[in-house]
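Read through the structure below, which is laid out as structure tokens, and then see the notes.
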Amino acid sequence: MTYTLLPAPDNNEGGVGAPVLEVDEVTKSYPGEPPVQALRGVNLTIGQGELVGIVGPSGSGKTTLLQLMGTLDRPTSGRVRITGLDVATMADDDVAYLRATRIGFIFQQFFLAEHATVLDNVADGLLYAGIPLKQRRQRALDALDLVGLAQRPHACPTQLSGGQRQRVAIARALVGRPAIVLADEPTGNLDQATGQSILALIDQLHRAGSTIVVITHDHVIAERMSRKVEILDGLILSDTGPAAGADGRLRPFAPFAQHPVSGRRPGLPVREDSS
Ligand SMILES: Nc1ncnc2c1ncn2[C@@H]1O[C@H](COP(=O)(O)OP(=O)(O)OP(=O)(O)O)[C@@H](O)[C@H]1O
Ligand SMILES: [Mg+2]
């Protein structure tokens, strides 16, 4: 199976780039007595180069939405497209490969392999790219440089502060140059000052061209994003829409579109301490 290339992003004049993520009339209900309607018809399109804050109170459906956007789960109804590819029509293996190569994740709990070095934690973000280890490590070093951690590549996460761990996780999310980075409460485990420095880093990465979605319960954090989407009871309450003039920060997609999605090793990179 092969997939069509998206139009070149530099066709866009002003505004944001081509859609990287499209959520179309998505619902999600969890079984139970009675079932929980976590999402009740969500529509959201995110273009290349956007920095979007999705904000809502506990239980509003934020993590559920992130899991659907990240192809970690499938909707009960509706469609999710990543870089134009309709997840519903794809086999599980293809979805796993799509996820591993086009989506970067950042979690509140970091999810690093505690006993692997910082360098290898980040290099593991490239396991699916078919790149030799030496090159993976070189690219990991570049990504660590981007997050200000290139000086401690051989430390283990247990030797790092919370803020430094989150920087490692961010480097891992970015190393494969994904089309979109999804962050679920990325500052939730950090003190105020460290959280601010992580938000500053996210802003810097956005300015450098990354497409980033930050999920948060904190309106102050969401206000810092160039687009704010409010979610309540499984529905989008408000959406400021793409920020005007986000152009000039666009960069071409990583060359993933040249690879067919099928025929690659399925599954996700191993997260030794995921829970
Ligand atoms: N696996 C599940 N099974 C049943 N119900 C679930 C499941 N996951 C989430 N829910 C329910 O779906 C609703 C939305 O949950 P979700 O985790 O998406 O909220 P959230 O906005 O991320 O909340 P928080 O800010 O507390 O993380 C809640 O009512 C929750 O109890
Ligand atoms: Mg949540």
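The values are calculated or read from the model by the stated rules, or taken from the named source; none is laboratory data. Since this is a predicted model, take the numbers as computed values, not measurements. As a convention, Cβ positions derive from the backbone with ideal geometry for all residues, glycine included, and neighbour counts pool all protein chains shown.
Numbers for the structure displayed
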{"quantity": "Number of positions in the range 201-234 that are more than 16 Å from ligand 1 (Cβ to nearest atom), over 16 Å from the mean Cα position of the chain (by Cα) and under 23 Å from R165 (Cβ atoms)", "calculated": "1"}
{"quantity": "Test result for D191, among the charged types (D, E, K, R), surrounded by 14 or more Cβ atoms within 10 Å (Cβ to Cβ) and either at pLDDT below 95 or more than 21 Å from L85 (Cα to Cα) (or both)", "calculated": "no"}
{"quantity": "The range 211-234: number of residues that are polar (S, T, N, Q) and either in contact with a helix residue (DSSP H, G or I) (Cβ under 7 Å, 6 or more places away or on another chain) or within 16 Å of ligand 2 (Cβ to nearest atom) (or both)", "calculated": "1"}
{"quantity": "Unmet criterion (only one of (1) under 19 Å from the mean Cα position of the chain (by Cα); (2) closer than 25 Å to V55 by Cα; (3) not aliphatic (A, V, I, L, M)) for T194", "calculated": "(1)"}
{"quantity": "Hits in the range 203-220 (condition: surrounded by 22 or more Cβ atoms within 10 Å (Cβ to Cβ) and of a type in the set (A, V, I, L, M))", "calculated": "I212, V213, V214, I215"}
{"quantity": "Of all residues in the range 58-75 being within 12 Å of ligand 1 (Cβ to nearest atom) and outside any helix (DSSP H, G or I), the one that is surrounded by the fewest Cβ atoms within 10 Å (Cβ to Cβ)", "calculated": "S58"}
{"quantity": "Residues being in contact (Cβ under 8 Å) with a residue 60 or more places away in the chain and in a helix (DSSP H, G or I) - total across the range 119-145", "calculated": "4"}
{"quantity": "Count of the range 146-174 residues which are outside any helix (DSSP H, G or I) and touching a Lys or Arg at 6+ places or on another chain (Cβ under 6 Å)", "calculated": "2"}
{"quantity": "Residue in the range 182-196 that is without any contact (Cβ under 8 Å) to a residue 60 or more places away in the chain, more than 16 Å from ligand 2 (Cβ to nearest atom) and touching a His at 6+ places or on another chain (Cβ under 7 Å) present", "calculated": "no"}
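Per-residue answers, yes or no, for (1) surrounded by 15 or more Cβ atoms within 10 Å (Cβ to Cβ); (2) touching a Gly at 6+ places or on another chain (Cβ under 7 Å):
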residue: K28; (1), (2): yes, no
residue: P31; (1), (2): no, no
residue: G47; (1), (2): yes, yes
residue: V55; (1), (2): yes, no
residue: A88; (1), (2): no, no
